[in-house]
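None of the figures in this text is laboratory data; all of them are computed from the coordinates on show. Source: prediction; values computed, not measured. With ideal geometry, Cβ positions are generated from the backbone for all residues, glycine too; neighbour counts draw on all protein chains shown.
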Amino acid sequence: YNGDIEEGEKVLAPARNFGEPLADLVQPMPYVARQGLLDEGFAVNGLHRYWKSGFTKEISDDLIDVIVAAAEDFSSPMSAMLFFRIHGAATRVSPDESAFGLRGEQWDFNVIGQWADETESARHTAWVREQWGRIEPLISGSAYINHIAGDDLPEKIKDERFYEPGELGAEKAIRERLLGWWGDRYRRRPGD
């Protein structure tokens, strides 16, 4: 829950009153602490990762069924399927005012394969692709630009600021416009 703490307690009351939890870890916390919650599992240096990502306006029953089936067959205990809700302040910014143009309320869904042993790459990559093949037809086809994989089609970028009608299939033109618009700050990292 994001917002007023007293209102948050009201929102959480039904879940807390449902029964005795194994652990109740829901508590007020600074934004920076919340922002780093996934770092331990998903920002560890040295792990191998492969993911697919896309937006969806709704989490349909069909999508839930596919996700539940996929969760029964993870290829690695370090892999995950995550939903990130985009709402509130992020939706009140005009698409023309930032590098992120897909500003409507939606969910960013990610299938993430992670593993430690380099020799297992083909197995875990295949698992992500197999699950994504079932999930992608049930979502919008657009994605957060930082989540575009090297083997994604250029059509996945559906932001009209970066292409002209009829140009959508021109991967090189799209990438050149993106890089030109964002500049060097997104292509270089310290130490590169």
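Quick notes on this one:
- Backbone phi angles across segment 90-98, fed through the Karplus curve with coefficients 6.51, -1.76 and 1.60 (θ = phi - 60°), yield HN-Hα couplings of 4, 8, 9, 9, 5, x, 7, 9, 7 Hz in residue order; Gly and Pro are listed as x.
- Hz values of 3J(HN,Hα) by residue in segment 55-66 - Karplus curve (6.51, -1.76, 1.60), Gly and Pro given as x: 9, 9, 6, 9, 9, 6, 4, 4, 5, 4, 4, 5
- Restricting segment 43-145 to trypsin sites (Lys or Arg not before Pro) in coil, as DSSP defines it, with at most 11 other Cβ within 10 Å: Lys57
- Integer Hz, Karplus 6.51/-1.76/1.60 couplings in order for segment 3-8, x for Gly and Pro: x, 4, 5, 4, 5, x
- FRET E, pair Tyr144, Asn17, Förster distance 45 Å, beta-carbon r, rounded to 0.05: 0.80
- Whether segment 1-87 is rounded, prolate or oblate, judged on the alpha carbon gyration tensor where a/c under 1.5 counts as rounded: prolate
- Unit charges at the beta carbon, dipole of segment 56-151: most positive-side option, Pro95, Phe109, Ala70: Pro95
- Per the Debye formula on identical point scatterers at the alpha carbon atoms of segment 38-77, with no solvent, log10 I(q)/I(0) at q = 0.15, 0.18 Å⁻¹ is -0.56, -0.76.
- Debye equation applied to the C-alpha atoms of segment 48-152, log10 I(q)/I(0) at 0.17, 0.19 Å⁻¹: -0.79, -0.94
- Spacing of the two label points (7 Å from each Cα toward its C-beta) at Glu6 and Asp61, in nm: 4.0
- Placing pseudo-labels 7 Å out from each Cα toward the beta carbon at Thr91 and Val68 gives an inter-label distance of 2.6 nm.
- Two-site FRET efficiency, Asp24 against Arg129, from Cβ-Cβ distance with R₀ of 41 Å, rounded to 0.05: 0.65
- Extending 7 Å from the Cα toward the beta-carbon at both Ala122 and Tyr31 defines two label points whose distance is 4.6 nm.
- Anisotropy class of segment 59-120 from Cα gyration tensor, a/c 1.5 cut: oblate
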